[in-house]
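J.: Handing you a structure now.
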Amino acid sequence: MIRPWIVGFKTTFGHMFKKPITVNYPDEKVPMFPKWRGKQVLMRDENGLEKCVACGLCAVACPADAIYLEAAENDGSVMAGPRYARTYQIHKTRCIFCGYCEEACPVSAIFMGKDYELAVYSKDDFVWDKDDLLVPMAGQAQPQATRK
Ligand code: SF4
Ligand code: SF4
């Protein structure tokens, strides 16, 4: 009769002094694995210009038809090359995080990021646009959607 109690207390006390394997999420977060494919990131080059040249290959490669973009000629008002994506959107409920967009990009403008906190309160936030995806200029605050 008393033996199960002793075994139970022994097990409990044994775990009380072990290092916890859980973390205090969301205050504490574990780093994602290197191959984790989270929310995409649109890159800038070393001069701060948008790398995307709006070739559309990522949209063609996307098996979920999740990418929509509009190309434009740069009149000098945008921190980008001569041709850039005036609109670049990824529909997050369509995206299956396969990474084909990253593989298809000839100029390494898009990468699968590490962000996994993708819940939103409104259906309007189901689409990531450039404000959400483009890495900020050095010294700029990070866009809210990539901060999550
Ligand atoms: S990760 Fe895959 S599904 Fe998502 S946008 Fe890129 S190509 Fe499309
Ligand atoms: S992200 Fe890359 S593949 Fe997609 S439109 Fe821009 S340059 Fe082309």
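J.: Report the residue count in the stretch 65-81 for those that are open to solvent by 70 Å² or more (accessible area, probe 1.4 Å) and within 11 Å of ligand 1 (Cβ to nearest atom).
T.: Filtering the stretch 65-81 for residues open to solvent by 70 Å² or more (accessible area, probe 1.4 Å) gives 65, 68, 73, 75, 77, 79.
Narrowing the set further to residues that are within 11 Å of ligand 1 (Cβ to nearest atom) leaves 65, 68.
Number satisfying all stated conditions: 2.
J.: Further question: Is there a residue being touching a residue at least 60 places away in the same chain (Cβ under 8 Å) and not in a strand (DSSP E or B) anywhere in the stretch 64-86?
T.: First, the residues of the stretch 64-86 that are touching a residue at least 60 places away in the same chain (Cβ under 8 Å): none.
Within the stretch 64-86, none of the residues are touching a residue at least 60 places away in the same chain (Cβ under 8 Å) and not in a strand (DSSP E or B).
J.: Scan the stretch 61-81 for residues that are under 18 Å from Asn47 (Cα atoms) and within 13 Å of ligand 2 (Cβ to nearest atom) and jot them down.
T.: Keep residues of the stretch 61-81 that are under 18 Å from Asn47 (Cα atoms), which gives 74-81.
Ala80, Gly81 - these are the residues of the stretch 61-81 that are under 18 Å from Asn47 (Cα atoms) and within 13 Å of ligand 2 (Cβ to nearest atom).
J.: Just to be sure I understand, how many residues within the stretch 1-27 are open to solvent by 90 Å² or more (accessible area, probe 1.4 Å) and of a type in the set (Val, Ile, Thr)?
T.: 4
J.: So which residues in the stretch 82-114 are open to solvent by 30 Å² or more (accessible area, probe 1.4 Å) and more than 11 Å from ligand 1 (Cβ to nearest atom)?
T.: Pro82, Arg83, Arg86, Thr87, Pro106, Val107, Ser108, Lys114
J.: Still on this structure, I have one more. Residues in the stretch 87-131 that are away from ligand 2 (no atom under 16 Å from the Cβ), in contact (Cβ under 8 Å) with a residue 12 or more places away in the chain and hydroxyl-bearing (Ser, Thr, Tyr): how many?
T.: The qualifying residues number 2.
For (1) of a type outside the set (Val, Ile, Thr); (2) modelled with pLDDT of 95 or more, each residue gets a yes or a no:
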{"position": "Met16", "(1), (2)": "yes, no"}
{"position": "Thr22", "(1), (2)": "no, no"}
{"position": "Val30", "(1), (2)": "no, no"}
{"position": "Met43", "(1), (2)": "yes, yes"}
{"position": "Val60", "(1), (2)": "no, yes"}
{"position": "Arg83", "(1), (2)": "yes, yes"}
{"position": "His91", "(1), (2)": "yes, yes"}
{"position": "Glu103", "(1), (2)": "yes, yes"}
{"position": "Met112", "(1), (2)": "yes, yes"}
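J.: Which condition number in (1) away from ligand 1 (no atom under 16 Å from the Cβ); (2) touching a strand residue (DSSP E or B) at 6+ places or on another chain (Cβ under 9 Å); (3) modelled with pLDDT under 95 is the one that Gln144 fails?
T.: (2)
J.: Filter the stretch 28-58 down to residues that are without any contact (Cβ under 8 Å) to a residue 40 or more places away in the chain and open to solvent by less than 30 Å² (accessible area, probe 1.4 Å) and give me whichever is nearest to Ala104 (Cα to Cα).
T.: Residue satisfying both the conditions and the ranking: Gly56.
J.: Something else: How many residues does the stretch 115-133 contain that are within 16 Å of ligand 1 (Cβ to nearest atom) and open to solvent by 40 Å² or more (accessible area, probe 1.4 Å)?
T.: As a first pass, look at the stretch 115-133 and keep what is within 16 Å of ligand 1 (Cβ to nearest atom): 115-116, 118, 126-130, 132-133.
Now narrow it down to the ones that are open to solvent by 40 Å² or more (accessible area, probe 1.4 Å): 116, 118, 126-127, 129.
Going through the stretch 115-133 one residue at a time, the tally reaches 5.
J.: Would you confirm whether any residue within the stretch 123-131 is closer than 23 Å to Pro63 by Cα and in a loop (DSSP other than H, G, I, E, B)?
T.: First, pick out the residues of the stretch 123-131 that are closer than 23 Å to Pro63 by Cα: 123-130.
Now narrow it down to the ones that are in a loop (DSSP other than H, G, I, E, B): 129.
Yes, the stretch 123-131 has at least one match.
The values are calculated or read from the model by the stated rules, or taken from the named source; none is laboratory data. This is a predicted model, so every value here is computed, not measured. Cβ sites come from the backbone with ideal geometry, for glycine too, and all protein chains shown count toward neighbours. We work out accessible area using only protein heavy atoms, side chains counted, and drop any ligands, DNA or RNA first. Shrake-Rupley method; radii C 1.70, N 1.55, O 1.52, S 1.80 Å.
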